[in-house]
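Asker: Can you read through this structure? Questions will come right after.
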Amino acid sequence: MPHTRTTAPSHATEKAARPSTAAPPPPTPRRAPRKVRLWRKLTPWLFLAAPLALLIAFTYAPVANMLAYSFTDWDGVSPELKYTGADNYIEIFTRPELFQVFFVSGYYLAASAVQIAAALYFATILSFNVRFRNLFKGLLFFPYLINGVAIGFVFLYFFQDGGTLDSVLALFGHESDRAWLGTSTSANISLAGVSVWRYMGLNFVLFLGAIQSIPGELYEAAELDGANRWHQFRYIIAPGIRPVLSLSVILSISGSLSVFEIPYIMTGGATGTETFVIQTVKLAFQFNKTGLASAAAVVLLLIILAVTWLQRRLVPDDRVDLV
Amino acid sequence: MNHRRTLTGTLVAAALLASGCTGGGGSSKGADAKAPDDPSQVSGTIKVLTHRTDIVQDGTMKKYADAFNKTYPKVKVEFEALTDYEAEVKIRMNTENYGDVLMIPAVIKKNDYPKFFASLGTEKELSEKYRFTDFTAVDGKVYGQTTNGGTPGFVYNKKVWAEAGVTDWPTTPDEFLTALKAIRAKTDAVPYYTNFAAQWPLTSWTYVAGSVSCDTGATTRLAEGDPWAEGEDLRVGDTLLHDIVRQDLIEKDPTTTNWEGSKPRLAKGEIATAWLGSWAVLQFRQAAEKAGTNPDDIGFMPFPAQVDGTFCAVLSPDYSQAVNINSDHKEAARAWIDWFSTESGYADDNLLPSILKDAPLPEALKPYEEAGVKLIELDDAKGGLVKEIDSASEVGLYGPAYRQDLVDLARGAKDGSLDDFLADLSERWTEARKTVGS
């Protein structure tokens, strides 16, 4: 969990382990019998068998299947299908309206900036001595533990006109009674807000773990030097958690491109809240174009890989060195 | 030859795993599910897949099964209720394990029926006794039998309508709008409830086809013409929906509507009208009983259009039950299908038209008889083709998306005009028609 630290010791153990293999082989005049050698070679694979089987069965085989379907005109149920070559891909790239839905991701991208900032803020505050610290940690992480479907339904009531949000606003004298999911802009902002509420806990916990792995003496020393909280954040915490920060950014960008469950459950993609994944699901299950939908899924996968690669190129993963 | 298995097989082999999840149905083609001659001799355990989660949970289905056992003592009936029926069954139909009896999912192409289901007999023979046989007939053989019929219409609260001073059913869309305006002006009720967020209720608007023109060939016209041309059924229906929304005769915030919540609200008179189907009448009456209001206030009226001075209502089948072609107990399965649709009383219990041609109309449709509403059955010979065009064009007649867009357009949450919107649908439909079914 303490991200910055685990990297260092693991290097150390590798170093400690290396000399034994690098050192001249111990005098073994007699080679182990063939059976024993075979077992030795096999042992690591035996340990790996179960996870590998699961990984292949539930990750790579479906992806291979999807790739295969993306070159066919399969409708999802008929026993017959035709191989159509790159037709599906050609169709996707010649229908610009299929990519328009990516504008919706913009809302979620903006929301993830807010999300990371808020998570960072809370993580920093709660890593110092604050009253009811553990209670707040729990409260902030709690939404992440709830099932996404349940969240969707809860927030449908929340955004209803005259619903929870309106009554809370009324408590503060803001007499409003509005359809939060009524127009495309307000619906997308509302949905992105739900997604911030849901996923901030995860970012928060990641940041908190990283911050707590920073040695406490650093703060003491900084305080002696006259650094205030902001300085401590700016010069100790921020650089200390950089790898986790950049991981969070990558996760939230790929997450923003593939938003699904919250808009799907709450609006079903109506009122301009359709995302690329919802569109793909509709292609596959409403219009029975499983082949085309598979191709769309492959395209999304490639886009996310490309974005991640680009990001890694722009912000290389530096080693953290606080001292 | 099974194309799918070979193709994916090769690719998946690269991933070290021959895929077992893509088998096709249809190992024993041409199989028949004959009706048993001697009920006491049929035996076996059959599994019935159904979308009626509600009546499986409350034990009603079990009661039907017990009654069934009185005639067929050796058959054991098990139920499996699926919440997201269409999606789940579709995936299961890639295997051989999709129950013994199942409701035919909409996604299965009509021409593929013989690959998945056992035949129940020839259409010639069955159509003498039953309605709707052509909806599941392929090459003269019938592959499914519906549980009951139904007709689309407006479920409405009689008391609210009377309060607004409207006692006769509107006969044109304009009269209907005037009536809703009167409800808006004179009562506190929401004149029309869209059920926008629940999505599926919006799809009922597709079933206006036939009601406007009173033409039994309405489905064929969808397949061969432009459904949104001037005066066509769907255009009239969609325009009415658009106008209702545009003139603000709906609930204030359609995006957070609640289907379960709408039932007691209509029963209590907080909502005046909703376009659904005759199956909904019972549910609204039950809601009225629960809410302590009079169930007789729940009324049902046809689409506001008349041909030669009479209303038309389209009788169409509900889900059809079919026998899995891989079933080991086809006779028992067939026995269940026949018994359930004719003798169980299921249709009566739900106030729905029976599939027997000589059965009287259910009580919910009595006002139709009195008002002289003409009940018609659409010819479904081109039904499969309509679905194919629908998928190819990505219009989604049987999905909620396009009606949701229409509602958004009408209430100004989306830019554009109704004419452009319908013209775009027409264009996509006619484009797709050229590519399909050739």
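Asker: Just to be sure, is B:V48 surrounded by 14 or more Cβ atoms within 10 Å (Cβ to Cβ), not hydroxyl-bearing (S, T, Y) and not in a helix (DSSP H, G or I)? Spell out how you get there, then give the answer.
Answerer: Numbers: surrounded by 14 or more Cβ atoms within 10 Å (Cβ to Cβ): yes; not hydroxyl-bearing (S, T, Y): yes; not in a helix (DSSP H, G or I): yes.
Answer is yes for this residue.
Asker: Turning to a different aspect of this structure: Can you find a residue in region B:429-437 that is surrounded by fewer than 20 Cβ atoms within 10 Å (Cβ to Cβ), more than 14 Å from chain A (Cβ to nearest Cβ), more than 28 Å from B:L126 (Cβ to Cβ) and in contact with a His (Cβ under 9 Å, 6 or more places away or on another chain)?
Answerer: no
Asker: Right, here's the next one. From the list B:S354, B:S391, pick out the single residue that is under 27 Å from B:W279 (Cβ atoms) and either within 14 Å of chain A (Cβ to nearest Cβ) or in contact with a His (Cβ under 9 Å, 6 or more places away or on another chain) (or both). Give the steps one after another, and end with the answer.
Answerer: Values: B:S354 fails: either within 14 Å of chain A (Cβ to nearest Cβ) or in contact with a His (Cβ under 9 Å, 6 or more places away or on another chain) (or both).
Just one listed residue meets the conditions, B:S391.
Asker: Quick check, is B:D408 touching a Ser or Thr at 6+ places or on another chain (Cβ under 6 Å) and either surrounded by fewer than 21 Cβ atoms within 10 Å (Cβ to Cβ) or of a type in the set (D, E, K, R) (or both)?
Answerer: Details: touching a Ser or Thr at 6+ places or on another chain (Cβ under 6 Å): yes; either surrounded by fewer than 21 Cβ atoms within 10 Å (Cβ to Cβ) or of a type in the set (D, E, K, R) (or both): yes.
Taking the combined requirement at face value, the residue satisfies it.
Asker: Let me ask another. Looking at region A:171-194 only, could you name the residues that are more than 14 Å from chain B (Cβ to nearest Cβ) and surrounded by 22 or more Cβ atoms within 10 Å (Cβ to Cβ)? Before the answer, list the steps.
Answerer: Taking region A:171-194 first, the residues more than 14 Å from chain B (Cβ to nearest Cβ) are A:171-175, A:192-193.
Scanning region A:171-194 gives a single hit, A:A192.
Asker: Being among the hydrophobic types (A, V, I, L, M, F, W, C), more than 24 Å from the chain's Cα centre (by Cα) and modelled with pLDDT of 90 or more is true for just one of A:L251, A:L305, A:L292. Which residue is that?
Answerer: A:L292
Asker: Which residue out of B:A335, B:A364, B:A423 is modelled with pLDDT under 90, in a helix (DSSP H, G or I) and more than 14 Å from chain A (Cβ to nearest Cβ)? Before the answer, list the steps.
Answerer: Working: B:A335 fails: modelled with pLDDT under 90; B:A423 fails: modelled with pLDDT under 90.
On inspection, the qualifying residue turns out to be B:A364.
Asker: Now for a separate question. From the list B:F79, B:F68, pick out the single residue that is assigned to a strand (DSSP E or B) and surrounded by 14 or more Cβ atoms within 10 Å (Cβ to Cβ).
Answerer: Numbers: B:F68 fails: assigned to a strand (DSSP E or B).
Going through B:F79, B:F68 in turn, the sole match is B:F79.
Asker: Now a separate question. Taking the condition of being more than 9 Å from chain B (Cβ to nearest Cβ) and in contact with a helix residue (DSSP H, G or I) (Cβ under 7 Å, 6 or more places away or on another chain), how many residues in region A:55-83 meet it?
Answerer: Residues flagged as more than 9 Å from chain B (Cβ to nearest Cβ) and in contact with a helix residue (DSSP H, G or I) (Cβ under 7 Å, 6 or more places away or on another chain) within region A:55-83 amount to 3.
Asker: So, one more: Run down A:G272, A:G291 and say which single residue is part of a helix (DSSP H, G or I), of a type in the set (G, A, S) and in contact (Cβ under 8 Å) with a residue 24 or more places away in the chain.
Answerer: Numbers: A:G272 fails: part of a helix (DSSP H, G or I).
Residue meeting the stated conditions: A:G291.
Asker: Taking the conditions exactly as written (of a type in the set (S, T, Y) and at pLDDT below 95), does B:T167 satisfy them or not? Spell out the reasoning first.
Answerer: Values: of a type in the set (S, T, Y): yes; at pLDDT below 95: yes.
When the stated conditions are applied, B:T167 passes them.
Asker: Filter region B:268-302 down to the residues that are polar (S, T, N, Q) and under 15 Å from B:K158 (Cβ atoms), then identify the one that is surrounded by the most Cβ atoms within 10 Å (Cβ to Cβ). Break it down into steps so the answer makes sense when it comes.
Answerer: Residues of region B:268-302 that are polar (S, T, N, Q), as a first pass: B:273, B:278, B:283, B:286, B:293-294.
Cutting the leftovers down to under 15 Å from B:K158 (Cβ atoms) gives us B:273, B:293-294.
Working: B:T273: 26, B:T293: 19, B:N294: 12.
Within region B:268-302, the match that is surrounded by the most Cβ atoms within 10 Å (Cβ to Cβ) is B:T273.
Asker: Please go through region A:245-266 and give me each residue that is over 19 Å from A:A306 (Cα atoms) and in a helix (DSSP H, G or I), ordered by number. Walk me through how you get there before you give the answer.
Answerer: First, the residues of region A:245-266 that are over 19 Å from A:A306 (Cα atoms): A:245, A:260-266.
If the condition is that a residue be over 19 Å from A:A306 (Cα atoms) and in a helix (DSSP H, G or I), then A:L245, A:E261, A:I262, A:P263, A:Y264, A:I265, A:M266 are the ones that fit.
Asker: Oh, and also: Report, by residue number, each residue of region B:156-207 that is part of a loop (DSSP other than H, G, I, E, B) and polar (S, T, N, Q).
Answerer: The answer is B:T167, B:T171, B:T172, B:T187, B:T194, B:N195, B:Q199.
Asker: Right, another one. Would you pick out the residues in region A:195-227 that are within 33 Å of the chain's Cα centre (by Cα), outside any helix (DSSP H, G or I) and surrounded by fewer than 20 Cβ atoms within 10 Å (Cβ to Cβ)?
Answerer: A:S213, A:P215
Asker: Does region B:135-150 hold any residues that are more than 15 Å from B:A322 (Cβ to Cβ) and in contact with a strand residue (DSSP E or B) (Cβ under 9 Å, 6 or more places away or on another chain), and which are they? Can you show your working first?
Answerer: Keep residues of region B:135-150 that are more than 15 Å from B:A322 (Cβ to Cβ), which gives B:139-140, B:148-150.
Correct list: B:G140, B:N148, B:G149, B:G150.
Asker: Same structure again: Please identify the pairs in which a residue from region A:245-261 that is under 18 Å from A:V194 (Cα atoms) and free of Cβ contacts under 8 Å to residues at least 40 places away in the same chain has its Cβ atom under 7 Å from the Cβ atom of a residue that is crowded, with 17+ Cβ neighbours inside 10 Å and β-branched (V, I, T), counting only partners at least 6 apart or on another chain.
Answerer: From residues that are under 18 Å from A:V194 (Cα atoms) and free of Cβ contacts under 8 Å to residues at least 40 places away in the same chain, the pairs are A:F260/A:T275; A:F260/A:V277; A:F260/A:I278.
Asker: When you scan region B:104-116, do you find a residue that is away from every other protein chain (no Cβ under 14 Å) and touching a residue at least 24 places away in the same chain (Cβ under 8 Å), even just one?
Answerer: As a first pass, look at region B:104-116 and keep what is away from every other protein chain (no Cβ under 14 Å): none.
No, there is no match, as no residue in region B:104-116 is away from every other protein chain (no Cβ under 14 Å) and touching a residue at least 24 places away in the same chain (Cβ under 8 Å).
Asker: I'd like to know if region B:89-98 contains one or more residues that are more than 11 Å from chain A (Cβ to nearest Cβ) and either buried (at least 21 other Cβ atoms within 10 Å of the Cβ) or assigned to a helix (DSSP H, G or I) (or both).
Answerer: No: zero hits.
The values are calculated or read from the model by the stated rules, or taken from the named source; none is laboratory data. Please read all numbers here as calculations on a predicted model, not as lab measurements. Reconstructed Cβ throughout: ideal geometry from the backbone, glycine too, with neighbour counts over all protein chains shown.
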